[in-house]
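Contents: one structure, followed by commentary.
Here, each number is a calculation from the coordinates, and none is a lab measurement. Keep in mind the model is a prediction, meaning the values are calculated, not measured. With ideal geometry, Cβ positions are generated from the backbone for all residues, glycine too; neighbour counts draw on all protein chains shown.
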Amino acid sequence: MKKITLLFVFVFAAFLTTGGSAAKASLIENGGFESGLSGWDHSPNVKAKGSWANIDPKGGKRQAVLSPSGFLPSELSQGFEIDETGSISISFDYNLWSFSSLGSEVGDDFVVTLISDDSVFFNEILRINFKDTISAWITPTIQGWQHYEETFQFDTPMQLSLLFELDNFKDPGQFGIGFIDNVKVSSVPIPGAIYLLGSGLVGLIGIRYRRS
């Protein structure tokens, strides 16, 4: 009986460890842009670059640079499939470079959206207006790298896309550039509560085994 209990403890602990790491596998291809823009759909004004406008990639040698041309927005997206119910974790790093001369209206928006292929599901997960990032009118402002991470719950399988967009609708003469790096979309099929319950169960069994 003791051997069976001990075996269960080791097997369950291994399940928690390996299961947790497996859930971290990204559903997004080339999220670090080390292979250029391979795997991504994008507008012509999106490039994969190294250091650009005095901004180095957050990780690796490349980053995605979104730079609108006049009123033409920059768009970068990639689709992925949720083949089972559960949660997904979305994370990425972003940086914003902005410049506006005195008296110019700042109209650029940096927007990140999670959308289904049939557009039934639409969730704007992040929106930043460049007027909130500018600290000086005469010289460019670099916001600095920011990290975004959030978990979303789904109750049905679906095909989704993660869309990064930089709009310039109000003032084509005002410059705004967005930088993206380290994009990850990870499936988390087992809720964290189950992991906590399992960890507690393993602990109780271990204590009982030690006492006996």
Sequence order, region 91-96: Karplus ³J(HN,Hα) from phi using 6.51 cos²θ - 1.76 cosθ + 1.60, θ = phi - 60°, Hz rounded, Gly and Pro as x, gives 9, 6, 10, 9, 9, 10
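Going by how many other beta carbons lie within 10 Å of each one, how would you line up Arg62, Arg127, fewest first?
Arg127, Arg62
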